[in-house]
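Student: Provided herewith is a single structure, encoded as structure tokens, for subsequent inquiry.
The values are calculated or read from the model by the stated rules, or taken from the named source; none is laboratory data. Small disclaimer: the values here were computed from a predicted structure and weren't measured. Glycine gets a Cβ as well: all are built from the backbone with ideal geometry, and neighbour counts include every protein chain shown.
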Amino acid sequence: MKNSNLNNNHNRLNRQPFVFYLISSFTFLLILIRLIFLQLLNHETYKKMSDENRIRLIATRPIRGRIIDKNGLILADSRLNYSLIVKPQNVKKKEWQKYKSLLSQILSISADSLQKKYSDGLKNKQYSITLLEDLTVNQLIKFKENENILNGTEILSKITRNYPYKDVASHVIGYTQPITDSEFSTLSKRGYKLNDLIGRTGIEFVYEDHIRGEWGGEMIEVNSSGTFTKSLGIKPSKQGKDIQLTIDMNLQLIAEQVLKDKKGGAIIVMDPRDGAIRAMASKPTFDLNFFSKDFKPQKEYDELFNSPSKPLFNRALNAYDPGSVWKVVTAIAGLESGKFPPETLLETKPCITYGSQCFREHNDLGFGTIGYEDALRVSSNTFFYQIGYGVGVDEIYDVSKKLGFASLSGIEISEQENIGLVANSKWANDGRGWGEPGRTPWVEEDIASMSIGQFVVQVTPMQIARAYAAIANGGYLVTPHLSKIENESILNSKKIKVDIDSNNLQLVKNGLRKVVESGTGVSINYGISNLPPVSGKTGTAEDGEGGPDHAWFVCFTPSDKSELLIVAFAQNTPGGGAVHALPMAREILKVWNKNLKL
């Protein structure tokens with residue numbers, strides 16, 4: 001038994017080196033596999049991590065390109081903004097009291113204001129507290145003179161977007177904002193940095209890639225303690241490209257001015273030959289520099305985003321009841337259908353009954369028996385009721401589509417644009433957008449309303465501009481545009497020859513000339529000497545949402561070879577297009593006519 005135990009112990013001792021060898025071999029194999037994994041398979045990944053720990057990038061922000069008008073006036077640029085900061089961890093309490101008094105004295109600012117910002121910063125555990133933003137040149141010089149005794153305080157420079165004309169053409173130019181955390185994961189792949197600016201609306205948004213530029217910076221090498229060792233190279237930032245607009249600030253400024261006394265409204269000034277926008281104004285407007293502020297007061301924020309007047313809303317691209325400026329569409333539909341040829345004469349009446357309602361003439365008398373040109377001249381309702389009822393809703397709808405209604409205009413800032421509504425029988429049968437299919441059919445009252453641009457028709461001032469441009473230029477539907485990036489050949493390719501008889505367009509054009517010669521638009525000539533012949537149309541529209549009437553006026557000049565077209569719209573301004581919208585257009589014509597002769 002004793003020998004047996006000795007043999008077992010001897011065998012165990014003999015096996016121990018083998019077990020040790022086996023474990024060591026297995027451990028070595030694991031280490032070898034790990035080394036292969038690190039050195040061969042994941043070499044690039046770990047090299048990159050090593051470089052990131054060793055190499056730092058000091059990024060240089062690009063300067064955003066300028067936005068300029070057709071004559072080179074700057075509408076948006078970038079400027080250096082200087083802020084005064086204090087790092088509280090580097091300033092003792094006793095020192096701060098001394099600094100506060102000195103800063104108050106040399107910078108001419110309230111010591112209480114400095115204290116409040118300092119205290120708020122401490123409360124929020126900020127390592128860098130902004131004491132004063134947007135320092136003046138004088139304040140900057142004063143601080144630099146005393147910088148050596150203000151340890152812990154310093155000047156930070158920052159590039160901010162600047163809009164010299166503040167609220168002028170704000171809906172056209174648009175604004176920038178820092179990218180959000182949620183956007184960064186996607187935008188970082190396109191070269192954006194945290195807190196980088198990006199265009200949100202208007203030209204700033206549409207031409208973001210053109211304007212923004214490219215980041216640059218310096219690559220430096222640091223040691224394990226983070227101390228700089230050497231520079232690895234500098235890549236200069238690349239400034240964004242300027243973008244020139246078709247906007248003429250002479251016309252833009254007067255367009256903004258004539259809207260000042262209106263509750264709301266829009267002005268569009270366009271070259272009917274190619275769709276170049278010379279001015280686009282919307283009221284209410286807003287100061288674009290609000291978005292460049294680091295601190296945005298709550299009151300200003302609420303006035304912009306929570307105001308019932310909706311200043312961010314671009315009225316030039318929103319849809320409204322057009323009233324009598326729509327009558328040209330009904331006229332063309334009557335002519336194109338063949339049911340009411342050019343020589344048609346119709347008796348106008350005090351009112352005409354459709355369905356259960358008697359639709360009145362605007363003078364409550366009628367204008368006797370008249371044809372197309374005189375019907376446009378006096379803006380007869382009952383003439384166009386008869387035309388519209390005779391041709392039917394779908395004929396009017398088809399003509400309206402040819403003139404660009406019920407579709408986007410093609411303008412660059414289409415994110416602000418409303419497609420509008422032009423009713424047809426299918427729309428009614430499909431439920432009118434709110435009811436059940438088959439339960440909201442077309443009724444007689446609809447056609448009367450549609451014939452004079454009411455209730456079942458809602459269009460934008462921009463759509464009106466395109467349609468009237470097609471009449472003015474001899475039958476071409478142009479694409480409105482704000483920038484001069486595209487060359488003339490591309491713009492010409494976007495002009496569409498409308499499928500409407502040129503003789504019918506000319507007849508309507510003759511009627512629009514009579515409107516200004518002796519009709520509802522005759523006052524356009526008052527106070528302007530040597531003005532080329534003007535053609536146009538007044539309009540007064542009931543607000544389909546129940547508010548006061550809208551006022552419209554459209555005109556183009558010279559009447560034959562037109563160079564300028566104006567759409568003037570005063571929202572919820574009762575009294576008529578001739579009273580409220582026409583005078584706005586007249587002021588713009590004065591400026592245009594004066595500059596034409598310079």
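Student: Anything in the range 415-431 that is assigned to a helix (DSSP H, G or I) and touching a residue at least 60 places away in the same chain (Cβ under 8 Å)? List them, or say none.
Tutor: Those that are assigned to a helix (DSSP H, G or I) and touching a residue at least 60 places away in the same chain (Cβ under 8 Å): Glu415, Gln416.
Student: A further question follows. Given Leu312, Leu335, Leu346, which one is closer than 23 Å to Val172 by Cα and surrounded by 13 or more Cβ atoms within 10 Å (Cβ to Cβ)?
Tutor: Matching residue, one of Leu312, Leu335, Leu346: Leu312.
Student: What residue, of Lys123, Lys100, is basic (Lys, Arg), outside the structural domain of Lys241 (by TED's automatic domain parsing), surrounded by 12 or more Cβ atoms within 10 Å (Cβ to Cβ) and out of contact with any His (no Cβ under 7 Å at 6 or more places or on another chain)?
Tutor: Sole residue among the options that is basic (Lys, Arg), outside the structural domain of Lys241 (by TED's automatic domain parsing), surrounded by 12 or more Cβ atoms within 10 Å (Cβ to Cβ) and out of contact with any His (no Cβ under 7 Å at 6 or more places or on another chain): Lys100.
Student: In the range 273-296, what residues are closer than 18 Å to Glu486 by Cα and either modelled with pLDDT under 95 or surrounded by fewer than 24 Cβ atoms within 10 Å (Cβ to Cβ) (or both)?
Tutor: Arg273, Asp274, Ala276
Student: Sticking with this one: For Ser409, all conditions in the list (1) more than 30 Å from Pro284 (Cα to Cα); (2) under 41 Å from the mean Cα position of the chain (by Cα); (3) in a loop (DSSP other than H, G, I, E, B) hold save one; what is the number of the exception?
Tutor: The failed condition is (1).
Student: On to the next question. Exactly one of these conditions fails for Glu145: (1) surrounded by 15 or more Cβ atoms within 10 Å (Cβ to Cβ); (2) more than 24 Å from Pro178 (Cα to Cα). Give me its number.
Tutor: Evaluating Glu145 over (1) surrounded by 15 or more Cβ atoms within 10 Å (Cβ to Cβ); (2) more than 24 Å from Pro178 (Cα to Cα) leaves (1) as the failure.
Student: Only residues that are under 13 Å from Ala448 (Cβ atoms) and either among the small types (Gly, Ala, Ser) or not assigned by TED's automatic domain parsing to the domain that holds Ser451 (or both): list them for the range 335-367, please.
Tutor: The answer is Gly355, Ser356.
Condition check ((1) in contact with a strand residue (DSSP E or B) (Cβ under 9 Å, 6 or more places away or on another chain); (2) free of Cβ contacts under 8 Å to residues at least 40 places away in the same chain; (3) within 14 Å of Arg64 (Cα to Cα); (4) not assigned by TED's automatic domain parsing to the domain that holds Ser78) across all residues:
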position	(1), (2), (3), (4)
Gly199	yes, yes, yes, no
Glu208	yes, yes, yes, no
Thr229	yes, yes, no, no
Ile254	yes, no, no, yes
Gly264	yes, no, no, yes
Asp271	yes, no, no, yes
Ala279	yes, no, no, yes
Ser282	yes, no, no, yes
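Residues checked against (1) in a strand (DSSP E or B); (2) of a type in the set (Ser, Thr, Tyr):
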residue	(1), (2)
Asn530	no, no
Gly544	no, no
Phe553	yes, no
Phe556	yes, no
Asp560	no, no
Phe569	yes, no
Thr573	no, yes
Met584	no, no
Val591	no, no
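Student: Still on this structure: Can you tell me which residue within the range 178-187, out of those that are free of Cβ contacts under 8 Å to residues at least 12 places away in the same chain and either outside any helix (DSSP H, G or I) or touching an Asp or Glu at 6+ places or on another chain (Cβ under 9 Å) (or both), is nearest to Pro480 (Cα to Cα)?
Tutor: Among those residues, the one meeting the criterion is Leu187.
Student: Based on this model, can you work out whether Val422 counts as closer than 30 Å to His481 by Cβ, of a type in the set (A, V, I, L, M, F, W, C) and under 36 Å from the mean Cα position of the chain (by Cα)?
Tutor: yes
Student: Something else: Given the range 441-524, what helices (runs of 4 or more DSSP H) lie entirely inside it while holding 1 or more residues that are within 31 Å of the chain's Cα centre (by Cα) and within 19 Å of Thr538 (Cα to Cα)?
Tutor: Per the criteria, 444-451, 461-472.
Student: So, one more: With surrounded by fewer than 16 Cβ atoms within 10 Å (Cβ to Cβ) and not assigned by TED's automatic domain parsing to the domain that holds Tyr207 as the only criterion, which of Arg466, Arg439, Arg432 stands out?
Tutor: Testing whether each residue is surrounded by fewer than 16 Cβ atoms within 10 Å (Cβ to Cβ) and not assigned by TED's automatic domain parsing to the domain that holds Tyr207 leaves just Arg439.
Student: Being in a helix (DSSP H, G or I) and surrounded by fewer than 23 Cβ atoms within 10 Å (Cβ to Cβ) is the filter here; which residues of the range 387-396 pass it?
Tutor: Tyr389, Gly390, Asp394, Glu395
Student: When the residues of the range 211-236 are filtered to those that are closer than 29 Å to Thr176 by Cβ and surrounded by 16 or more Cβ atoms within 10 Å (Cβ to Cβ), which remaining residue is modelled with the lowest pLDDT?
Tutor: It comes out as Gly217.
Student: Any residue in the range 529-546 that is loosely packed, with under 15 Cβ neighbours inside 10 Å, within 32 Å of the chain's Cα centre (by Cα) and modelled with pLDDT under 95?
Tutor: Looking through the range 529-546, at least one residue is loosely packed, with under 15 Cβ neighbours inside 10 Å, within 32 Å of the chain's Cα centre (by Cα) and modelled with pLDDT under 95.
Student: On to the next question. Output the residues belonging to the range 329-372 that are charged (D, E, K, R) and closer than 22 Å to Tyr397 by Cα.
Tutor: Glu336, Lys339
Student: All but one of (1) in contact with a Lys or Arg (Cβ under 7 Å, 6 or more places away or on another chain); (2) surrounded by fewer than 19 Cβ atoms within 10 Å (Cβ to Cβ) hold for Arg161; which doesn't?
Tutor: Among (1) in contact with a Lys or Arg (Cβ under 7 Å, 6 or more places away or on another chain); (2) surrounded by fewer than 19 Cβ atoms within 10 Å (Cβ to Cβ), Arg161 violates only (2).
Student: I need a count of the residues in the range 562-586 that are on the phi > 0 side of the Ramachandran plot and of a type in the set (Gly, Ala, Ser).
Tutor: 2
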